[in-house]
Amino acid sequence: MRVLGIETSSRRGTVALVEDGHAVAALGHEVPNGHAERVLGLVDQVLREAGWAKTSLDRIAVGVGPGSFTGIRVGVALAQGLALGLDRPVLGIGSLHAMSRGVPDELLGTRCAMVDAHRNELFCAEYTASGEEVRPPLAVRRDGARAWLAEAHEPRVVIGEIAASLEDDLGPFRSDLTDLPHAAGVALLGSVLAPERAPTDAIYARPADAIRPTLPRSPLSSGTPT
């Protein structure tokens, strides 16, 4: 099975190719606000480098956050457009879940993934080594991150570049695949999940900012005021 992965939920945009559960090639960029202009070109480039035709792809997998709302929209729209044109299934993969997939199998413990959510918050989630969700993505205040980690199963592996800035004793595992969400993890998960279990709905992990106001009844409305 050949899978194209696309991940644009953070400042870094990446694309990757996976065949039969093995990463074949990957490219990325970190140009500010550059996902819309650069990611499609990266897809074409990585396919050329691997010598694959687009029609040889069996699936398209895309990171659905939590993360940058604009970035997620860019990635999902691109993935859906490619899938539609190729008549292939498209799968939505949680971006923190993809990070957990990048931890080497020999490291024991659950994977506690963290990314910067801005607003003095982190997006956090916990997964088993086999990829099962232990705690779903949640927006956690930065000063509450250690309390969130204290509830994790032991042993644990902390991942995410932001974790290194919290406390030195956290000792996060660092790698290109786990510092930020990466398309390789997206594609690897996309090769094993059933499409019906992987919708492309964005994961927000925090409530909407807009709150419906409580307003007095309009004097122009019909009926008797209560």
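The values are calculated or read from the model by the stated rules, or taken from the named source; none is laboratory data. A quick note: this is a predicted structure, and the numbers were derived from the prediction, not measured. Every residue, glycine among them, receives a Cβ derived from its backbone with ideal geometry; neighbour counts consider all protein chains shown. Surface accessibility is based on the protein's heavy atoms, side chains included, excluding ligands, DNA and RNA. Shrake-Rupley method; radii C 1.70, N 1.55, O 1.52, S 1.80 Å.
Restricting attention to the stretch 93-116, the residues that are over 22 Å from ARG141 (Cα atoms) and in contact with a Lys or Arg (Cβ under 7 Å, 6 or more places away or on another chain) add up to 2. The set of residues in the stretch 30-44 being exposed (fewer than 14 other Cβ atoms within 10 Å of the Cβ) and not aliphatic (A, V, I, L, M) consists of GLU30, PRO32, ASN33, GLU37, GLY41, ASP44. Residues that are without any contact (Cβ under 8 Å) to a residue 40 or more places away in the chain and open to solvent by less than 70 Å² (accessible area, probe 1.4 Å) within the stretch 94-124 comprise PRO104, CYS124, listed in sequence order.
Residues of the stretch 148-182 that are closer than 20 Å to ARG206 by Cα and open to solvent by 60 Å² or more (accessible area, probe 1.4 Å): GLU151 alone.
Taken across the stretch 4-19, residues that are more than 16 Å from PRO181 (Cα to Cα) and outside any strand (DSSP E or B) do not occur at all. In the list GLY94, GLY67, GLY102, GLY63, which residue meets the criterion of being at pLDDT 95 or above and more than 16 Å from ASP179 (Cβ to Cβ)? Testing whether each residue is at pLDDT 95 or above and more than 16 Å from ASP179 (Cβ to Cβ) leaves just GLY94. Taking the criterion of being of a type in the set (Gly, Ala, Ser) and either open to solvent by less than 70 Å² (accessible area, probe 1.4 Å) or closer than 15 Å to GLY65 by Cα (or both), the residues of the stretch 125-139 that qualify are ALA125, ALA129, GLY131, ALA139. For the stretch 84-93, the candidate set comprises residues that are over 17 Å from LEU188 (Cα atoms) and aliphatic (A, V, I, L, M); within that set, the residue that is most open to solvent (accessible area, probe 1.4 Å) is LEU84.
Within the stretch 64-82, is even one residue surrounded by 24 or more Cβ atoms within 10 Å (Cβ to Cβ), of a type in the set (Ser, Thr, Tyr) and not in a loop (DSSP other than H, G, I, E, B)? No; the residues of the stretch 64-82 include none that is surrounded by 24 or more Cβ atoms within 10 Å (Cβ to Cβ), of a type in the set (Ser, Thr, Tyr) and not in a loop (DSSP other than H, G, I, E, B). Among the residues of the stretch 114-154, write down those that are more than 14 Å from MET99 (Cα to Cα) and hydrophobic (A, V, I, L, M, F, W, C). Across the stretch 114-154, the qualifying residues are ALA117, LEU122, VAL134, LEU138, ALA139, VAL140, ALA145, ALA147, TRP148, LEU149, ALA150, ALA152. The set of residues from the stretch 1-22 being farther than 15 Å from VAL76 by Cβ, among the small types (Gly, Ala, Ser) and crowded, with 18+ Cβ neighbours inside 10 Å comprises just one member, ALA16.
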